[in-house]
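Data first, discussion second: the structure below is written as structure tokens.
The values are calculated or read from the model by the stated rules, or taken from the named source; none is laboratory data. Keep in mind the model is a prediction, meaning the values are calculated, not measured. With ideal geometry, Cβ positions are generated from the backbone for all residues, glycine too; neighbour counts draw on all protein chains shown.
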Amino acid sequence: MTQRYLILADGSAYPGKAFGSLATTTGELVANSTMNGYQEIISNQIYHNQIIVFTQSSIGNTGLDQNAYESVLPSAKGVIVREYENLATDHFKRISLDRYLKQHRIPGIYDVDTREIRHRLQKYGNMMASIVDVADDHAFDQLHATVLTNQQVAQVATPKPYPNPDEGDNVVVVDFGLKSGILRELSRRNCNVTVVPWNSTSEMILDLDPDGIVLSTGPGAPSNLPESVLKMITEIQSQAPLFAIGLGHELFALANQAKVSKLRVEHHGANHPIREIITNEIFFSGQEQGYAVDPKSIDHAKLFITHVDLVNGTVQGLRHRDFPAFSVQFSPDGAPGPKDSVDLFDDFMEIMERRRDENGSRY
Amino acid sequence: MMGKIILDKMAMQRALTRITYEIVEKNKGVEDLVLIGIKTRGIFLANRIADRLQQLENVTIPVGELDITNYRDDIEHDSMSIDVKMSNNKIDFSIEGKRVILVDDVLYTGRTVRAALSAVMDLGRPKSINLAVLVDRGHRELPIRADFVGKNIPSSQKEKIKVYVSEIDDKDAVELIK
């Protein structure tokens, strides 16, 4: 096995053995502590330009499932694992993690103490890293000189609208780099979905006569997106029920004058209990977040805080006081992670149903 | 008699949560808000909404209990005996100028709500009265509609809708019995 290195911006280097692609890459280093679901994690566009460190000790041991991808073209920059298993357990025994990573030019390294890296991140905060063949001065110089794009959403979101037809509620999904789980949950509820680009105007969206609108998850900082996106949100939130997730939640908060800041250490895992304030119920969910809404910045005359993370106190959900518009930071579709909160999609359906009853348009 | 569960515990909780948010949305806050539950199960549902408002806004919304037995148009009684009418109510606050949310489990013919409206109006002059119901099953006989609905359940008049609340029943559920 080829020896390769994960090198970190703080000067440390971790030797390991190569799997997947042999590409040399640079990205932001994030640790994910979820026990299962490496396929969903690696294919989630939220990891655009990021190198994923798995603290779960054995990765690759369930192969890849045809029905569990979260995007078509994954854009993570690397996969770091403790122990790697090259199994293919899909129906035809075709796709293993190694093959998948090679297909998508994503390098992997195994035999690395990933939990040590997790501790390092906790201690020193988020940092950049590279996967390289030789850990010499030149490689570190390259790492320090690399500037990652701030146009992540434009890189992974659809440039053109496309339909996902069905016969139920007419839902417009604004794509900021969505994970397929959102579309799956809407399909399960027979929604007639149109996915539109992240830079769609409110006029384009409302012209589709939506029963409801979803703002999707996506990679990077919400502040990287232009002011026009926030304007679009303020214009649609009063016109149709709105459900915003992940990056969509951060943008919904910004559009309503709250502030969003980067977490010192990104949180990726399904290990934080979340409290729903109104019922005082506690549940778990998959969380992949680099940013969080600042609770002090929230105008309580405009927004309710609906959910909080009980470990770090971060805002996990918001709801507008005047409109049926709500948002969550976590992934209610699971994929991976618990599906405790998947009924938020049912809430969304019921809000759309109530709207229709009131308007009397279909009864 | 076959019972089919239309709303389970989770769905019931969700419906009450959504109704709570909608009440705040529609009333632009919780100022002057009072909840009045109609006899047995409406009272428990009103209390659950009050609990949610307490969690959400950190305010204690008064909850009254209304017994409309003596206002029903299908029971003969001496309509002059006001004392008897009030006997089973527990409304220890003034409704003068308040935004009243009437809460009941099932909206059907509308006759219960009509009776509740008369009973409330006898107590004073509220600023407004809204109606919140867990289930709207249709078949109205009076021009009455709900402002907040947990679930519309189009039903046949031959069917029965049974609401269970864990406070007095063994579970939280709504069943359709054919």
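Points worth noting:
Okay, residues lined up against (1) over 24 Å from A:R321 (Cβ atoms); (2) in contact with a strand residue (DSSP E or B) (Cβ under 7 Å, 6 or more places away or on another chain); (3) not β-branched (V, I, T):
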residue: A:P163; (1), (2), (3): yes, yes, yes
residue: A:D166; (1), (2), (3): yes, yes, yes
residue: A:N190; (1), (2), (3): yes, no, yes
residue: A:S228; (1), (2), (3): yes, no, yes
residue: A:M232; (1), (2), (3): no, no, yes
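- Subset of the stretch A:111-145 (residues that are within 26 Å of A:R264 (Cα to Cα) and in contact with a Lys or Arg (Cβ under 8 Å, 6 or more places away or on another chain)): A:V112, A:D113, A:T114, A:R115, A:G125, A:N126, A:I131, A:V132
- Condition met for A:A157 (assigned by TED's automatic domain parsing to the domain that holds A:A9 and either under 30 Å from A:V79 (Cα atoms) or within 25 Å of the chain's Cα centre (by Cα) (or both)): no
Residue by residue, here is whether (1) out of contact with any Asp or Glu (no Cβ under 8 Å at 6 or more places or on another chain); (2) within 26 Å of A:G246 (Cα to Cα); (3) assigned to a loop (DSSP other than H, G, I, E, B); (4) without any contact (Cβ under 8 Å) to a residue 60 or more places away in the chain holds:
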position: A:M1; (1), (2), (3), (4): yes, no, yes, yes
position: A:T26; (1), (2), (3), (4): yes, yes, no, no
position: A:V30; (1), (2), (3), (4): no, yes, no, no
position: A:M35; (1), (2), (3), (4): yes, yes, yes, no
position: A:E40; (1), (2), (3), (4): no, yes, no, no
position: A:I46; (1), (2), (3), (4): no, yes, no, no
position: A:I51; (1), (2), (3), (4): no, yes, no, no
position: A:R94; (1), (2), (3), (4): yes, no, yes, yes
position: A:R99; (1), (2), (3), (4): yes, no, no, yes
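- Yes/no for A:K296 being of a type in the set (D, E, K, R), within 14 Å of another protein chain (Cβ to nearest Cβ) and more than 17 Å from B:R18 (Cβ to Cβ): no
- Number of residues in the stretch A:309-323 that are buried (at least 24 other Cβ atoms within 10 Å of the Cβ) and either in a helix (DSSP H, G or I) or out of contact with any His (no Cβ under 6 Å at 6 or more places or on another chain) (or both) equals 2.
- Within the stretch B:37-50, residues that are within 10 Å of B:E167 (Cα to Cα) sit with their Cβ atoms under 9 Å from residues that are hydroxyl-bearing (S, T, Y), at 6+ positions apart or across chains, in these pairs: B:R41/B:Y164; B:F44/B:S166.
- Residues that are more than 10 Å from chain B (Cβ to nearest Cβ) and touching an Asp or Glu at 6+ places or on another chain (Cβ under 7 Å), drawn from the stretch A:305-327: A:H307, A:Q316
- Applying the condition of being of a type in the set (S, T, Y) and either farther than 18 Å from B:G37 by Cβ or in contact with a Phe, Trp or Tyr (Cβ under 7 Å, 6 or more places away or on another chain) (or both) to the stretch B:124-166 and asking which residue is farthest from the other protein chains (Cβ to nearest Cβ) yields B:S156.
- Scanning the stretch A:1-41 for residues that are within 24 Å of A:V147 (Cβ to Cβ) and within 17 Å of the chain's Cα centre (by Cα) turns up A:G27, A:E28, A:L29, A:V30, A:A31.
- Test: residue in the stretch A:144-158 that is surrounded by fewer than 14 Cβ atoms within 10 Å (Cβ to Cβ), of a type outside the set (K, R) and assigned to a strand (DSSP E or B): no
- Inspection of the stretch B:31-43 finds no residue satisfying the criterion of being among the acidic types (D, E), surrounded by fewer than 19 Cβ atoms within 10 Å (Cβ to Cβ) and either within 10 Å of another protein chain (Cβ to nearest Cβ) or closer than 21 Å to B:K171 by Cβ (or both).
- Residue match in the stretch A:268-286 (condition: away from every other protein chain (no Cβ under 12 Å) and under 27 Å from A:E235 (Cβ atoms)): no
- Remark: A:F330 matches the filter, which requires a residue to be surrounded by 24 or more Cβ atoms within 10 Å (Cβ to Cβ), away from chain B (no Cβ under 13 Å) and closer than 22 Å to A:Q122 by Cβ.
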